Amino acid sequence: MEEMEEDRVDDHNHNYRDGGGGTACAFARTRLSNGAPLPVSPAGSCGPDPRSMDSDSSSVSSEASDAESPGASAAAAAGKLTLNSAAKFLMNSMTAEDYKKVYWPKLEKAVQHLLTQGPTDHVSISYEQIYSHVYKCVCQQHSELLYHDLIWKITCHLQQVSAHLLGSPPEAFIENFNLAFTQYTAALQCIVPVFIYMNKFYIERKLNQDLREILMKLFSDHVAERHVRTLLPLLKTAHCSPFQVKPSTMASVVKGLYSLRPDWATLAPAIFSRFIPQIHPPAVESRLPDYAAQDQKLQMELTRNGFPRGDQSRKRASEEC
């Protein structure tokens, strides 16, 4: 009986191998080992479903087609980027009319506030917005127009300052000049940084100049040079009358004039030498008697003006009084 059962098992295994069951079972084991669900064939056998094979082949072919066309995808992306960039540029473009009606009025108003605000004034100004407008004007090829408008605006302001100084009384002229100069230099500390993009890409590259130097020269031409002949005699008078003008004001005015035009020191070397070093030529041995005579003259003037010389009892008799 056992031999007959073994023969039936052998016949069954032989028939199963002949019917292709080995291939189907191997496929099933492979799919199960990969964790994929086992497809069921319409006939109920464990062989692969033709529909699943078609879908697999189609997915493989689609992946192959995607792998074969990276250049086409890159070209399409580049074309889309170019179109987007061009559209964005056209949307952000600035015409000359836009500059005159929108951007420059805002910049002009900000510059006017900076030029006229006093030391204790606090005007709300968005420096970020000013810088952004300047940046856009330069990028949109309006640098030359912006430069000329800025120079025109500051020139008009300085002409008004000069006219105001003409009406100042002599006793207040030094104070008013010092106020105008310090207010202007304080304004430049804000104007030059926000216009730095125009300075870097237009003034320095095309004009070979610097914005701050240009604006300081405007003050020299339109204010200081027109009033220096009036200012220096008043400074000499204040120099001879101590504390008629505060020493800090005297120092500020003299140093300001020297920074604008160093050659003005030759018009009043005695005043400039009090605040600026090395105004006089270096001392030489051959002129020692002249230096001594100048010191004696100064001592005599101080004595006549009421400044005592102090206790002279310990002075040697051989020395001159």
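The values are calculated or read from the model by the stated rules, or taken from the named source; none is laboratory data. Note that the coordinates shown come from a computational prediction; the quantities given were computed from them, not determined experimentally. Counting neighbours? That spans all protein chains shown, and the Cβs are built from the backbone with ideal geometry, glycine included. Accessible surface areas use protein heavy atoms only, side chains included; no ligands, DNA or RNA. Shrake-Rupley method; radii C 1.70, N 1.55, O 1.52, S 1.80 Å.
Numerical summary
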| read-out | value |
| --- | --- |
| Hey, Leu257 assigned to a helix (DSSP H, G or I), at pLDDT 95 or above, open to solvent by less than 60 Å² (accessible area, probe 1.4 Å) and not small (Gly, Ala, Ser) or not | yes |
| Some residue of region 262-270 being modelled with pLDDT under 90 and either closer than 26 Å to His157 by Cα or touching a helix residue (DSSP H, G or I) at 6+ places or on another chain (Cβ under 8 Å) (or both) | yes |
| Filter result (open to solvent by less than 70 Å² (accessible area, probe 1.4 Å) and either in contact with a Ser or Thr (Cβ under 6 Å, 6 or more places away or on another chain) or basic (Lys, Arg) (or both)) within region 262-308 | Ile279 |
| Candidate set: region 113-162, residues that are of a type outside the set (D, E, K, R), under 24 Å from Glu175 (Cβ atoms) and not in a helix (DSSP H, G or I); chosen: the one least open to solvent (accessible area, probe 1.4 Å) | Gly118 |
| Filter result (in a loop (DSSP other than H, G, I, E, B) and either more than 25 Å from Gly306 (Cα to Cα) or open to solvent by less than 40 Å² (accessible area, probe 1.4 Å) (or both)) within region 228-254 | Val245 |
| Residues being open to solvent by 80 Å² or more (accessible area, probe 1.4 Å) and either in a helix (DSSP H, G or I) or under 19 Å from Gly256 (Cβ atoms) (or both) - total across region 169-216 | 11 |
| Check on His222, under 21 Å from Glu108 (Cα atoms), open to solvent by less than 30 Å² (accessible area, probe 1.4 Å) and more than 23 Å from the chain's Cα centre (by Cα) | no |
| Among residues of region 256-274, those that are touching a residue at least 60 places away in the same chain (Cβ under 8 Å) and among the acidic types (Asp, Glu), counted | 0 |
